[in-house]
Amino acid sequence: MLPSTYEAKKYEDKIYKIWEDSGFFKADVNSDKEPFTISMPPPNATGVLHLGHAVMLAIEDILIRHRRMKGYEALWLPGTDHAAIATESVVIKNLKNEEGIANPRSLGREKLVKRIAEYVKKSQGTIRSQIRKIGASCDWSREKYTMDQSLNRCVNEVFKKMFNDKLIYKAERVVNWDVSLQTTISDDEVEYIEKESILYTFEYLSAKQTGGEPIFVATSRPETKLGDTALAVHPDDNRYKHLVGQTFDVVWPGGQEIKVTIIADHTVDRKFGTGVVGITPFHSKTDYEMWQRHKDKIKSKPIQVINEDGKITDNVKSYVGMTAEECRNEFVEGLRKEGKLKSEKKYIQQLSISYRSKKPIEPLPKLQWFIDVNKEVVEWNNKKMSLKQIMQEVVRKKEIQIIPDRFEKIYFNWIDNLQDWCISRQIWWGHRIPVWYKENKTYVDIQPPKEQGWEQDTDTLDTWFSSALWTWSTLVDTKLTKDFSISLEDILKNSPEFQKFHPTHVMETGYDIIFFWIARMILMTTYSIKQIPFKTVYLHGLIRTREGKKMSKSDPKTCIDPLNIIEQYGADALRMSMVIGNTPGNDMRLYEEKIRGYRNFTNKLWNASRFVLTILEEKKITNEQPIKQENLSDSDQWILNKLNLTIKTADKNLMEYKISDTGQLLYNFLWNDFCDWYLELSKGPKQNPAVLYHVLKNILILLHPITPYVTEEIWSHLPGQKNMLIKTNYPAPDKREYNGLSTEKIINVITKIRQLRAENKIEPARKIPITIFGHEHLETLKENKSEILRLARVSELTLEEKGEKLSNASTEVVNGIEIFIPLEGLVDTKKEKERLTKEISNLENYLKSLKAKLSNTKFTDNAPAEIVKGEKKKMKEAEEKLEKMKEQLAQF
RNA sequence: GGGCGAUUAGCUCAGUUGGCUAGAGCGCAGCAUUGACGUUGCUGAGGUCAGUGGUUCGACUCCACUAUCGCCCACCA
């Protein structure tokens, strides 16, 4: 006998261990079954589980368990990410704070990397055990880490291939420099915030110099003007047209001397500021590009004003060593003194900050590695394409489907704006760039050169470079990757896992990393192995607080900790609450009452099962019984019919990734159909243990992907089931036809009686006599007399085919069945009369609108026959009901 | 500046090719009847589907515009 409440805590860890030890999570590479693969988005190796992970794990686990039960060879491959910058900066911080090492880099590369690796090893276990807590049925035997040797091999292979195809190149560009982290970051890692700052307008060229009006320039960063090489104006701007092409000498406060050439460029906005832009090629990407376009006309060479530490370089002697901000203040002060400062206006600036450090970005000229996204050298479908074009092609041709599809637009828009991807990082933790230098020679390969004296490039690769290969670099044979004489192509050819499980089927992740990761996977994988990485992209939304705010780790009040929730309510309840009401691409609010509601659901399931198990025990049933058609009552047929429909819909929904709908459907089936009606009806003489067993069994199977723990635990108590639920086959709908129509009517009659009782304030405890005129349903009513007596609390039930309407009775009509509750001593007749009158008037209005509709020839001519038929039926029913109710009213 | 999403009951949300007198859960109100469940049962109240106009026999659903909120993208210095 089960305890009367389900306490998740008692069972979950135990069940997970049995699952894992039994090897049920392991996919068999040699099986003949059709594969179904999900690559788990690897959480940071040093992270802690948060709701974002929890929702990802819940959705993926549901999909995997469903497919596994359906007979697919389901592989869910887990792993962790080395999270280059994030991890390195955490360890550096720890070394500073905990060990007092002021400059951890002074340890040297080898030592620091070792320390980071140790740290990762220690903390990796945390995230692993937390993934288990959710119930994730992933294949731990195939767990990967982005820094594994095999993945490193793939990274190097791809780098080399791209280098040989001239898709990877090294060049000096203005890049996004994160001063606090001391590394470049890619364009996608730059965020914009709105910040109030000051727009300074000052005299750049005097009236004397121009021989007419002086030229003013507006800028929020005056200090960069110390490195200007040009002034840009719009080609059609009549104010400045005559000056284009001329070069002027400018002496800034402090003595810095520069030469600026006036150039004309269409990108200049005549209306902003003074319509003149100072061009500082080395401290602004746009300026750099403009300088490139007009290089040959511009007399002076660009200079770097600000260095990697955000300080003024010795190119500007007067301010050298100052921070940019100090320099700005001094410089503006100098302008003011010289009487050149015209105005200082507050305005809202789009400030670029680093996604990692949240500190401002300093655009700096640097020699870096890039991936060329426009070069058309990639073979795809017998065409030469650029990386951009491939990315567009596979989505446009529906080789990859994105759910929800509106994200396709966002994806295409991103590609349209995409520029070459800066992949080198000046940190030590990560895949080191496989390039070696000696004197002025460069060597690129998957292994260091044999010869002495070569120095490896000091940079590492953007962490997304290795993540971009994740779907397949995790499937290559790790023995083969150690043999450097085998080509990547041959490694892939001879890796059974890769051959069976790639391309993967679903990539499920938050929409916030569509560019960082989804797009990069598509780009890198299609290019490097000529396969798409996945067929479907399922993007879930972010979990928000009840108020719709982002949950932030720093604020425990707004932040729900999944582990804490699991401890209190169980993983199943958490899973359900994250999945029901969560539609792809939309954010969802989560709060404790909601989770509690689903905890109640698990308890409901537990108790319904407890009840059924008691009956089975009583009846000494130790095995699943065949369902015999001839023994089925109408209510048996009713529930079997509903079950069939539920099986069909649930399966269809899951195949279409409609997870929320599936959850809702099963919730209703268990609670409303099975518990509220079928179990209640089973408490009478028509109890059928075989059907109870059958329906419960199927409920457990259907719910298992969503609530794996509670269903598995109950399953272990189901007599005669030898295998674990996790490995049980998903049900196919029963081919037999079931009826169950009388039960539908009986339910309606019982509900109506309950309503009448409640409306007339007849206490539930009080049993009352009732008269029913069944008309053509008399037989059905007779068969179900005991159910009506019991479930509607009726003391005496008079069943007639038809007869004289009872006077002074509360009455209703449902399915043509007339119900009378004699009012003698029970009911306020005046109120009852009012109620009837009101209902009749409602019904009349309803009829009126139906009649109007049906007499409209435009409707009858144009609407589908089915609809018209439906409306006619409605009208007929309403008319019949109206007639009966009018007769009843006449009795008062 | 461009694009996207949201707006349905007090709250959180469903509503799938346009066709049930618009649904659920929670909350609220009233009442409690257990072969299991008070983490329960029964019943009820509560909605001009953001607004305006259009298409249609018919619009929560499609189109246009407006409003409010949110997000993404973009080289306004």
Rounded to the nearest 10 degrees, the helix A:324-337 long axis (Cα) sits at an angle to the longest Cα principal axis of chain A of 60
Carbon and sulfur %, accessible surface of chain A computed with the full protein complex present, 1.4 Å: 48
By the C-alpha gyration tensor axes a ≥ b ≥ c (rounded if a/c is under 1.5, else prolate when a/b exceeds b/c, else oblate), the shape of the stretch A:238-359 is rounded
Using the Karplus curve 6.51 cos²θ - 1.76 cosθ + 1.60 with θ = phi - 60°, work out ³J(HN,Hα) for each residue of the stretch A:142-158 in order, rounded to whole Hz, and write x for Gly and Pro. 10, 4, 10, 9, 5, 9, 4, 4, 5, 6, 4, 4, 4, 4, 5, 4, 5
Using a 7 Å offset from the Cα along the Cα-to-Cβ direction at both A:D28 and A:Q456, what is the distance between the two label points in nm, to one decimal? 4.2
In sequence order, what are the phi-derived ³J(HN,Hα) couplings for the stretch A:575-590 according to the Karplus relation 6.51 cos²θ - 1.76 cosθ + 1.60 with θ = phi - 60°, rounded to whole Hz, with x for glycine and proline? 4, 4, 5, 8, 10, 7, x, 10, 10, x, x, 10, 6, 9, 8, 10
So, with points 7 Å from each Cα along the Cβ direction, the A:N631-A:K782 label distance in nm works out to 2.7
Debye, to nearest 20: dipole size of the stretch A:45-199, +1 on Lys, Arg Cβ, -1 on Asp, Glu Cβ: 740
At R0 = 41 Å, how high is the FRET efficiency between A:K876 and A:E624 if r is their beta carbon distance? Nearest 0.05 is fine. 0.35
Where labels lie 7 Å past Cα in the beta-carbon direction, separation of A:K121 and A:Y437 in nm: 3.3
State the Cα centre-to-centre distance between the stretch A:11-48 and the stretch A:603-642 in whole Å. 33
Residue-wise HN-Hα coupling along the stretch A:627-635, computed from phi with Karplus coefficients 6.51, -1.76, 1.60 (Hz; x: Gly, Pro): 7, 9, 3, 6, 8, 7, 7, 5, 5
What FRET efficiency comes out for A:K384 versus A:E172 if R0 is 45 angstrom and r is the Cβ-Cβ distance? Round to the nearest 0.05. 0.95
Nearest 0.05, what FRET efficiency do A:D512 and A:A863 give at R0 = 56 Å with Cβ-Cβ as r? 0.80
Going by amide H atoms built from the backbone, whose H comes under 5 Å of the H on A:K26, apart from near neighbours? none
Linear extension gain, A:L645 paired with A:D490, 0.36 nm per residue minus alpha-carbon span: 50.9 nm
Would you tally the net charge around A:E804, using a Cβ to Cβ cut-off of less than 15 Å, leaving A:E804 out, and scoring K and R as +1, D and E as -1? -1
In deg cm²/dmol and to the nearest 500, what is the mean residue ellipticity at 222 nm of chain A if only DSSP H runs of at least 4 residues count, each as -39500 (n - 2.57), divided by the residue total? -13000 deg cm²/dmol
Any chance you could give the angle, 0 to 90 degrees and rounded to 10, that helix A:829-855 forms with the longest Cα principal axis of chain A? 60
How large is the charge dipole for chain A, taken about the Cα centre, if only the Cβ atoms of Lys, Arg (+1) and Asp, Glu (-1) carry charge, to the nearest 20 debye? 380
Within-13-Å neighbourhood charge of A:E196 [Cβ basis; K, R +1; D, E -1]: +1
Looking at the stretch A:95-173, which trypsin sites (Lys or Arg not before Pro) are in a loop (DSSP not H, G, I, E or B) and have at most 12 other Cβ atoms within 10 Å? A:K166
The long-range amide H neighbours of A:W421, using H built 1.01 Å from N in the peptide plane and a cut-off of under 5 Å, are A:I371, A:V373
Rounded to the nearest 10, the angle in degrees between the Cα long axis of helix A:51-69 and the longest principal axis of the Cα atoms of chain A comes to 60
Taking the Cβ of A:I101 as the center, what net charge do the other residues with Cβ under 13 Å away carry, scoring Lys and Arg +1 and Asp and Glu -1? +3
The long-range amide H neighbours of A:Q401, using H built 1.01 Å from N in the peptide plane and a cut-off of under 5 Å, are A:T536, A:V537
What residues of the stretch A:254-297 lie in the reach of a label at A:T323, counting those whose backbone N is under 14 Å from a point 7 Å from the Cα along Cα→Cβ? none
Put +1 on the Cβ of each Lys and Arg and -1 on the Cβ of each Asp and Glu in the stretch A:495-618; which of A:H540, A:I518, A:H502 then has its Cα farthest toward the positive end of the dipole? A:I518
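The values are calculated or read from the model by the stated rules, or taken from the named source; none is laboratory data. Because the structure is predicted, anything quoted here is derived from the model rather than measured. Neighbour counts are summed over all protein chains in view; Cβ atoms, including those assigned to glycine, are modelled from backbone coordinates with ideal geometry. Surface areas here come from the heavy atoms of the whole protein model, side chains and all, with no ligands, DNA or RNA. Shrake-Rupley method; radii C 1.70, N 1.55, O 1.52, S 1.80 Å.
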